[in-house]
Amino acid sequence: MNSEDSIKPSRRDVMVVGAASSALLVNACQSATPTTYAEEGPPVVNETTSTVTLEVNGTPHRLTIDNRVTLLDALREHLRLTGTKKGCDHGQCGACTVIVNGRRINSCLSLAVMHAGDEIKTVEGFGTPDAPGPMQAAFIREDAYQCGYCTPGQICAAIGVLEEIRAGVPSHVTPSLTGPVEASPEEIRERMSGNICRCGAYSNILSAIQSVSGAV
Ligand code: FES
Ligand code: FES
């Protein structure tokens, strides 16, 4: 036997040491003061999933999903509602815009489990190819898209924008904080500024929104 072999532990040595360590650990745990639930509340389970009901376009969907899944991914990957698009996935392009409880949000910035009981509307909920809703019809009529990738987000955002204007919610460019809010080109451009169109269809998008608002 050379000197190297003499310091190399055998397989049996490793098992003996492992068993001894486990026994010490068990003894240490048993000798610790027992925890009572009355002191510290119920046991905390390391949950990584939740079961929630998402109401999308009027239809409830029961889902068990990882707590980290965004609303965007829940819509696209779990419910197969692929109208809502993923552009940047971090709140900078607006392609993922949906309406939640009447307000537009970036669905890539929101966790799905936060929306149990909310009323969620996606582009699919505003019309169909055969019977487009007023904003969808306006985008077609005004030729307000080119590749179309940003269009579902633009349509949802536009619907949300007109609701905000109707409700009198002022924006950065509203002349008066107390007076009525007009659907002016400046108002619409400002409020739609979070929705990027790489094809640059902005002027026709504005025309479409104005035509629905009754401003033109
Ligand atoms: S994908 Fe959500 S803002 Fe771009
Ligand atoms: S129509 Fe192509 S990105 Fe807007």
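The values are calculated or read from the model by the stated rules, or taken from the named source; none is laboratory data. A quick note: this is a predicted structure, and the numbers were derived from the prediction, not measured. Ligands, DNA and RNA are excluded from the accessible area calculation, which covers all protein heavy atoms including side chains. Shrake-Rupley method; radii C 1.70, N 1.55, O 1.52, S 1.80 Å.
Taking all pairs of different Cα atoms in the stretch 134-213, averaging 1/r and flipping that mean, what Kirkwood radius in angstroms comes out? It would help to have the intermediate numbers written out before the result.
Values: mean 1/r = 0.0794 Å⁻¹.
Computed over Cα pairs of the stretch 134-213, the Kirkwood hydrodynamic radius comes out at 12.6 Å.
So, with a 1.4 angstrom probe, what is the percent of accessible area on the stretch 123-213 that is carbon and sulfur? Please report the intermediate quantities before stating the final value.
Numbers: 2650 of 4750 Å².
Of the solvent-accessible surface of the stretch 123-213, carbon and sulfur hold 56 percent.
Going out from 0 in 10 Å bins, what whole percent of all Cα-Cα distances in the stretch 50-202 drops into each bin?
P(r) for the stretch 50-202, in whole percents per bin: 11, 39, 34, 14, 2.
Is the C-alpha gyration tensor of the stretch 46-125 telling us rounded, prolate or oblate? Criteria: a/c under 1.5 is rounded; beyond that, a/b larger than b/c is prolate, otherwise oblate.
On the way: a/c = 1.68, a/b = 1.22, b/c = 1.38.
Oblate is the answer for the stretch 46-125, as a/c is 1.5 or above yet b/c matches or exceeds a/b.
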